[in-house]
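The values are calculated or read from the model by the stated rules, or taken from the named source; none is laboratory data. As the structure is a computational prediction, the values presented were derived from the model and not from experiment. Ideal geometry is used to build each Cβ from the backbone, glycine not excepted, and the neighbour counts take in all protein chains shown.
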Amino acid sequence: MPIRINGIEADLPGDPRVSLLDFLRETLDLHGTKKGCNQGACGACTVLVDGERILSCLALAVQYEGRSVTTIEGLTGDGGLHPLQQAFIEHDGLQCGYCTPGQICSALGLFAEVARGAPSGVTGDIAAVAVDLTGDELRERMSGNLCRCGAHNGIVAAIAQTYAAGRAA
Ligand code: FES
Ligand code: FES
(Lines give C-alpha, C1' and ligand atoms only; values in the text may rest on other atoms or scores of the structure.)
(Ligands and ions follow the chains in the order given, each with its own letter.)
Protein backbone atom coordinates (compact mmCIF):
# COMPACT_ATOMS: atom_id res chain seq x y z
CA MET A 1 0.00 0.00 0.00
CA PRO A 2 1.46 3.40 -0.91
CA ILE A 3 1.88 6.37 1.36
CA ARG A 4 0.00 9.62 0.71
CA ILE A 5 2.06 12.80 0.76
CA ASN A 6 0.06 16.02 0.58
CA GLY A 7 -2.82 14.10 -0.97
CA ILE A 8 -0.72 12.36 -3.62
CA GLU A 9 0.15 8.68 -3.47
CA ALA A 10 3.82 7.75 -3.56
CA ASP A 11 5.60 4.42 -3.59
CA LEU A 12 7.53 3.68 -0.44
CA PRO A 13 11.31 3.33 -0.66
CA GLY A 14 12.63 -0.15 -1.22
CA ASP A 15 15.19 0.30 1.55
CA PRO A 16 13.38 0.03 4.91
CA ARG A 17 16.16 2.02 6.61
CA VAL A 18 15.25 5.30 4.87
CA SER A 19 13.85 7.86 7.28
CA LEU A 20 10.64 9.66 6.43
CA LEU A 21 12.66 12.88 6.39
CA ASP A 22 15.14 11.61 3.81
CA PHE A 23 12.30 10.11 1.77
CA LEU A 24 10.56 13.49 1.65
CA ARG A 25 13.66 15.49 0.87
CA GLU A 26 15.78 13.20 -1.27
CA THR A 27 13.27 11.01 -3.07
CA LEU A 28 10.29 13.32 -3.42
CA ASP A 29 12.26 16.61 -3.57
CA LEU A 30 10.06 18.14 -0.89
CA HIS A 31 12.74 20.33 0.64
CA GLY A 32 10.38 22.36 2.83
CA THR A 33 10.81 19.88 5.67
CA LYS A 34 14.20 20.68 7.14
CA LYS A 35 16.97 18.51 8.54
CA GLY A 36 18.46 20.15 11.59
CA CYS A 37 19.91 17.79 14.18
CA ASN A 38 18.68 14.55 12.54
CA GLN A 39 18.35 13.07 16.03
CA GLY A 40 15.05 14.30 17.45
CA ALA A 41 16.28 17.35 19.31
CA CYS A 42 15.31 20.42 17.24
CA GLY A 43 11.88 19.95 15.67
CA ALA A 44 12.92 21.27 12.25
CA CYS A 45 11.70 18.07 10.59
CA THR A 46 8.19 18.10 12.08
CA VAL A 47 5.42 16.93 9.74
CA LEU A 48 1.83 15.85 10.28
CA VAL A 49 0.72 12.22 9.92
CA ASP A 50 -3.06 11.94 9.86
CA GLY A 51 -3.08 15.27 11.70
CA GLU A 52 -0.60 14.30 14.42
CA ARG A 53 2.82 15.92 14.59
CA ILE A 54 5.83 13.66 14.40
CA LEU A 55 9.58 14.10 13.99
CA SER A 56 10.27 12.74 10.53
CA CYS A 57 14.00 12.25 11.24
CA LEU A 58 13.11 9.62 13.85
CA ALA A 59 10.57 7.85 11.66
CA LEU A 60 11.13 5.25 8.98
CA ALA A 61 9.17 5.92 5.82
CA VAL A 62 7.95 2.32 5.64
CA GLN A 63 6.27 2.71 9.03
CA TYR A 64 3.76 5.01 7.40
CA GLU A 65 2.47 2.75 4.67
CA GLY A 66 -1.14 3.69 3.95
CA ARG A 67 -0.96 6.83 6.11
CA SER A 68 -1.45 10.43 5.08
CA VAL A 69 1.48 12.80 5.55
CA THR A 70 1.21 16.57 5.32
CA THR A 71 4.30 18.72 4.91
CA ILE A 72 4.62 22.48 4.73
CA GLU A 73 4.13 22.27 0.96
CA GLY A 74 0.72 20.72 1.53
CA LEU A 75 -0.63 23.61 3.60
CA THR A 76 -0.86 26.17 0.85
CA GLY A 77 -4.03 25.69 -1.16
CA ASP A 78 -5.84 27.46 -3.97
CA GLY A 79 -6.75 30.19 -1.51
CA GLY A 80 -3.09 31.01 -0.88
CA LEU A 81 -1.13 30.69 2.32
CA HIS A 82 -2.57 28.88 5.32
CA PRO A 83 -3.70 31.41 7.96
CA LEU A 84 -0.89 30.28 10.25
CA GLN A 85 1.70 30.87 7.52
CA GLN A 86 0.26 34.35 7.02
CA ALA A 87 0.37 35.01 10.76
CA PHE A 88 4.07 34.07 10.88
CA ILE A 89 4.71 36.74 8.26
CA GLU A 90 2.59 39.35 10.05
CA HIS A 91 4.26 38.74 13.42
CA ASP A 92 7.85 38.38 12.16
CA GLY A 93 7.82 34.80 13.40
CA LEU A 94 10.92 33.99 11.40
CA GLN A 95 14.33 35.25 10.51
CA CYS A 96 16.35 32.73 8.46
CA GLY A 97 13.25 30.55 8.11
CA TYR A 98 15.02 27.24 8.65
CA CYS A 99 12.91 26.22 11.64
CA THR A 100 9.68 27.69 10.25
CA PRO A 101 8.15 24.70 8.41
CA GLY A 102 8.61 22.59 11.52
CA GLN A 103 7.23 25.33 13.75
CA ILE A 104 4.11 25.64 11.62
CA CYS A 105 3.44 21.90 11.30
CA SER A 106 4.06 21.50 15.01
CA ALA A 107 1.62 24.28 15.89
CA LEU A 108 -1.09 22.68 13.75
CA GLY A 109 -0.53 19.41 15.59
CA LEU A 110 -0.69 21.36 18.85
CA PHE A 111 -4.10 22.78 17.92
CA ALA A 112 -5.41 19.25 17.39
CA GLU A 113 -3.97 18.09 20.72
CA VAL A 114 -5.58 20.99 22.57
CA ALA A 115 -8.90 20.38 20.80
CA ARG A 116 -9.01 16.83 22.11
CA GLY A 117 -7.96 17.88 25.63
CA ALA A 118 -4.51 16.22 25.64
CA PRO A 119 -2.58 17.50 28.69
CA SER A 120 0.96 18.86 28.56
CA GLY A 121 3.71 19.00 31.19
CA VAL A 122 2.24 22.21 32.63
CA THR A 123 -1.45 21.32 32.56
CA GLY A 124 -2.73 21.63 36.13
CA ASP A 125 -5.69 19.27 35.96
CA ILE A 126 -4.78 16.40 33.69
CA ALA A 127 -8.26 14.92 34.06
CA ALA A 128 -9.90 18.02 32.58
CA VAL A 129 -11.53 17.46 29.19
CA ALA A 130 -10.77 20.98 27.94
CA VAL A 131 -7.40 22.69 27.79
CA ASP A 132 -7.00 26.44 27.95
CA LEU A 133 -4.14 27.40 25.62
CA THR A 134 -2.46 29.89 27.94
CA GLY A 135 0.94 31.38 27.17
CA ASP A 136 2.60 28.79 29.40
CA GLU A 137 0.72 25.96 27.69
CA LEU A 138 1.66 27.26 24.26
CA ARG A 139 5.36 27.65 25.11
CA GLU A 140 5.51 24.23 26.76
CA ARG A 141 3.80 22.54 23.83
CA MET A 142 6.14 24.23 21.35
CA SER A 143 9.28 23.61 23.40
CA GLY A 144 10.40 20.83 21.07
CA ASN A 145 10.79 23.29 18.20
CA LEU A 146 13.95 25.34 18.57
CA CYS A 147 14.71 28.58 16.76
CA ARG A 148 18.38 29.49 16.61
CA CYS A 149 17.47 32.99 15.37
CA GLY A 150 15.51 33.71 18.52
CA ALA A 151 12.24 34.53 16.75
CA HIS A 152 10.26 32.91 19.54
CA ASN A 153 8.23 35.98 20.52
CA GLY A 154 6.88 36.33 16.99
CA ILE A 155 6.32 32.59 16.72
CA VAL A 156 4.26 32.55 19.91
CA ALA A 157 2.28 35.61 18.81
CA ALA A 158 1.50 34.07 15.41
CA ILE A 159 0.34 30.80 16.92
CA ALA A 160 -1.73 32.50 19.62
CA GLN A 161 -3.45 34.77 17.09
CA THR A 162 -4.27 31.88 14.75
CA TYR A 163 -5.59 29.79 17.61
CA ALA A 164 -7.77 32.65 18.85
CA ALA A 165 -9.08 33.34 15.35
CA GLY A 166 -9.96 29.67 14.92
CA ARG A 167 -11.88 29.63 18.16
CA ALA A 168 -13.70 32.80 17.21
CA ALA A 169 -14.65 31.44 13.78
S1 FES B 1 15.98 17.16 12.40
FE2 FES B 1 14.44 16.01 13.38
S3 FES B 1 14.35 16.81 15.39
FE4 FES B 1 16.04 17.84 14.47
S1 FES C 1 14.03 31.59 11.99
FE2 FES C 1 16.13 30.94 11.91
S3 FES C 1 16.16 29.16 13.14
FE4 FES C 1 14.19 29.96 13.44
Could you tell me whether any residue of the range 159-168 is within 19 Å of the chain's Cα centre (by Cα), assigned to a loop (DSSP other than H, G, I, E, B) and surrounded by 12 or more Cβ atoms within 10 Å (Cβ to Cβ)?
no
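Output the number of residues of the range 128-149 satisfying the condition of being assigned to a loop (DSSP other than H, G, I, E, B) and more than 16 Å from ligand 1 (Cβ to nearest atom).
Taking the range 128-149 and keeping what is assigned to a loop (DSSP other than H, G, I, E, B), we get 128-134, 142-149.
Next, from what is left, pick out any that are more than 16 Å from ligand 1 (Cβ to nearest atom): 128-134.
Of the residues in the range 128-149, 7 are assigned to a loop (DSSP other than H, G, I, E, B) and more than 16 Å from ligand 1 (Cβ to nearest atom).
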Which of the residues that make up the range 10-28 are closer than 18 Å to Cys105 by Cα and in a loop (DSSP other than H, G, I, E, B)?
none
Given (1) among the β-branched types (Val, Ile, Thr); (2) more than 20 Å from Leu146 (Cβ to Cβ); (3) modelled with pLDDT of 95 or more, number of the condition Ile72 does not satisfy:
(2)
Single residue of Gly117, Gly121 found to be part of a loop (DSSP other than H, G, I, E, B), farther than 28 Å from Asp11 by Cα and touching a helix residue (DSSP H, G or I) at 6+ places or on another chain (Cβ under 7 Å):
Gly121
Selected residue (only one of Thr46, Thr70 is within 11 Å of ligand 1 (Cβ to nearest atom), touching a strand residue (DSSP E or B) at 6+ places or on another chain (Cβ under 7 Å) and among the hydroxyl-bearing types (Ser, Thr, Tyr))
Thr46
Go through the residues of the range 68-85 one by one and say whether even a single one is without any contact (Cβ under 8 Å) to a residue 60 or more places away in the chain, touching a Leu at 6+ places or on another chain (Cβ under 6 Å) and hydroxyl-bearing (Ser, Thr, Tyr).
no
Looking at the structure I just gave you, is Ala160 at pLDDT 95 or above and either under 22 Å from Gly32 (Cβ atoms) or not assigned by TED's automatic domain parsing to the domain that holds Leu24 (or both)?
yes
Candidate set: the range 25-43, residues that are more than 13 Å from ligand 1 (Cβ to nearest atom) and more than 16 Å from the chain's Cα centre (by Cα); chosen: the one surrounded by the most Cβ atoms within 10 Å (Cβ to Cβ):
Leu28
